[in-house]
Amino acid sequence: MSWLYNGIVRPVLFAQDSEKIHDRTLRALGCVSRSALLHRLVQSLCGAPELPVELFGLKFPNPVGLAAGMDKFGQAVPAWSALGFGFSELGAVTWQAQSGNPAPRLFRAIKDEAIVNSMGFNNPGAAALAGALTEWKRCGRWPGHPVGINLGKSKVTPLDKAAEDYACSFRLLRPLADFFVVNVSSPNTPHLRQLQDKAALDEILAALQQINIGPVPSPILVKVAPDLSFEALDDILELAMPRRLAGIVATNTTLTRPPTTDEALRRVYAQPGGLSGRPLRQRSTEVIRHLHRQSQGALPIIGVGGIFDAADAWEKITAGASLLQIYTSLIYKGPGVAREIVAGLQSRLAEQGFTRLSQAVGTTGN
Ligand SMILES: Cc1cc2nc3c(=O)[nH]c(=O)nc-3n(C[C@H](O)[C@H](O)[C@H](O)COP(=O)(O)O)c2cc1C
């Protein structure tokens with residue numbers, strides 16, 4: 001499978017405009033999602049072995065999830081489980097529909113296996129996403145794994161009205177997903193990252209928890225930037241208890257760029273936006289290790305950033321992540337990547353004499 005993707009499929013895809021090929025791929029996965037036959041076929045080729053994890057009161061068939069940003073419109077919700085993912089995070093969605101930043105806004109840094117994007121939350125708005133998700137449920141094609149939604153702030157909403165904007169999306173979408181991620185860390189919406197400041201984030205989380213009522217409150221997580229200082233991360237941790245945070249997603253893309261003398265890479269790295277993929281791996285692991293240590297392992301972490309194989313996944317888990325997400329490695333390695341990582345994690349657990357993944361979490365974290 002990987003030889004087919006690397007040798008034939010990827011060169012054809014990479015010869016085309018990044019965003020166009022993303023859109024075409026999502027449309028194709030939408031077809032897979034609507035056809036029981038195609039879904040079974042993809043599952044038989046790409047499905048991952050079982051490596052169950054229980055967290056937030058949810059059952060994850062394996063710990064490798066799809067990161068936010070890939071399926072912003074809920075176009076291919078059923079396909080992600082067939083591609084071996086143990087959970088998926090849709091969005092980012094904003095209360096208002098918006099077109100995002102002007103194109104081109106998605107660039108491949110091929111030699112570094114990285115991406116620079118400045119998409120800016122292009123999405124059809126919370127109401128349209130609610131419609132798409134309702135339709136997947138109605139036609140009986142809802143996936144058998146947990147589905148989360150990444151919530152962003154509408155660009156037109158001023159920062160001091162951010163809490164209300166997030167709350168509107170949450171109120172509408174709450175019945176339609178298993179967990180929610182408050183995204184205050186995208187570098188592509190002006191000033192959004194200021195919402196990581198303790199007081200601003202507190203206001204947003206308070207507004208969400210006010211409507212997060214009923215017998216089973218939804219798990220709410222916060223997604224952080226890798227560029228935050230450890231002190232700023234500690235401030236966010238202080239909100240965990242009072243605002244009943246279910247966990248932290250670490251990390252979003254980075255504004256930093258690795259040093260390079262390669263001309264093609266320099267051109268890509270000169271583009272504005274967030275960098276993802278291999279160059280992000282180390283910093284995102286450092287953030288995970290810090291959060292795990294500071295919270296004494298009490299706050300679950302979803303580790304994301306530069307995970308390409310089981311070794312990268314193991315590094316994040318032993319640093320303190322209970323679940324993982326990938327985005328960029330799916331582009332570079334193709335549809336077998338989730339299965340490969342899950343199978344590799346199974347082998348590592350067996351080598352260490354562990355029976356459950358949770359036994360490995362944070363074992364190198366302190
Ligand atoms: C094109 C693109 C769009 C993204 N959009 C979002 C988004 O809407 N919300 C979000 O929280 N993260 C978004 N991300 C960040 C990813 O979810 C992830 O945190 C980041 O890419 C690091 O993981 P990776 O190295 O496996 O790609 C996006 C990433 C890319 C490459």
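The values are calculated or read from the model by the stated rules, or taken from the named source; none is laboratory data. Just so you know, these numbers come straight off a predicted model, no measurement behind them. Methodologically, a virtual Cβ is constructed for each residue, glycine included, from the backbone with ideal geometry; neighbour enumeration extends over all protein chains shown. Surface accessibility is based on the protein's heavy atoms, side chains included, excluding ligands, DNA and RNA. Shrake-Rupley method; radii C 1.70, N 1.55, O 1.52, S 1.80 Å.
Residues in the range 275-290 that are in a helix (DSSP H, G or I), under 12 Å from A114 (Cβ atoms) and touching a residue at least 60 places away in the same chain (Cβ under 8 Å): R278, P279, L280.
In the range 163-201, which residue that is of a type in the set (A, V, I, L, M) and in contact with a Ser or Thr (Cβ under 9 Å, 6 or more places away or on another chain) is surrounded by the most Cβ atoms within 10 Å (Cβ to Cβ)? Steps first, answer last, please.
Taking the range 163-201 and keeping what is of a type in the set (A, V, I, L, M), we get 163, 167, 172-173, 176-177, 181-182, 184, 192, 195, 199-201.
Now restrict to residues that are in contact with a Ser or Thr (Cβ under 9 Å, 6 or more places away or on another chain): 176-177, 192, 195.
Details: L176: 19, A177: 24, L192: 21, L195: 22.
Per the criteria, the residue is A177.
Going residue by residue through the range 293-300, is there one that turns out to be open to solvent by 10 Å² or more (accessible area, probe 1.4 Å) and closer than 24 Å to A82 by Cα? Step through it out loud before you land on a result.
Within the range 293-300, the subset open to solvent by 10 Å² or more (accessible area, probe 1.4 Å) is 293-300.
In the following step, the residues that additionally are closer than 24 Å to A82 by Cα were identified as none.
No, that holds for no residue.
Take the conditions open to solvent by 60 Å² or more (accessible area, probe 1.4 Å) and either within 14 Å of the ligand (Cβ to nearest atom) or assigned to a helix (DSSP H, G or I) (or both) and apply them to P272. Does it pass? Can you show your working first?
Numbers: open to solvent by 60 Å² or more (accessible area, probe 1.4 Å): yes; either within 14 Å of the ligand (Cβ to nearest atom) or assigned to a helix (DSSP H, G or I) (or both): yes.
Yes.
Taking the criterion of being in a loop (DSSP other than H, G, I, E, B) and crowded, with 20+ Cβ neighbours inside 10 Å, the residues of the range 244-258 that qualify are L245, A246, T251, N252, T253.
Taken across the range 84-102, residues that are closer than 23 Å to C46 by Cα, open to solvent by less than 10 Å² (accessible area, probe 1.4 Å) and touching a Pro at 6+ places or on another chain (Cβ under 6 Å) do occur, with at least one present.
Contact map, the range 239-254: first residue under 22 Å from Q282 (Cβ atoms) and among the small types (G, A, S), second residue more than 16 Å from the ligand (Cβ to nearest atom) and at pLDDT below 95, Cβ cut-off under 9 Å, separation 6 or more or different chains; the map is empty.
Table: residues versus (1) closer than 20 Å to A79 by Cβ; (2) aliphatic (A, V, I, L, M); (3) part of a helix (DSSP H, G or I); (4) touching a Phe, Trp or Tyr at 6+ places or on another chain (Cβ under 6 Å).
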| residue | (1), (2), (3), (4) |
| --- | --- |
| G297 | no, no, no, no |
| E315 | no, no, yes, no |
| T318 | no, no, yes, no |
| A338 | yes, yes, yes, yes |
| G344 | no, no, yes, no |
| T355 | no, no, no, no |
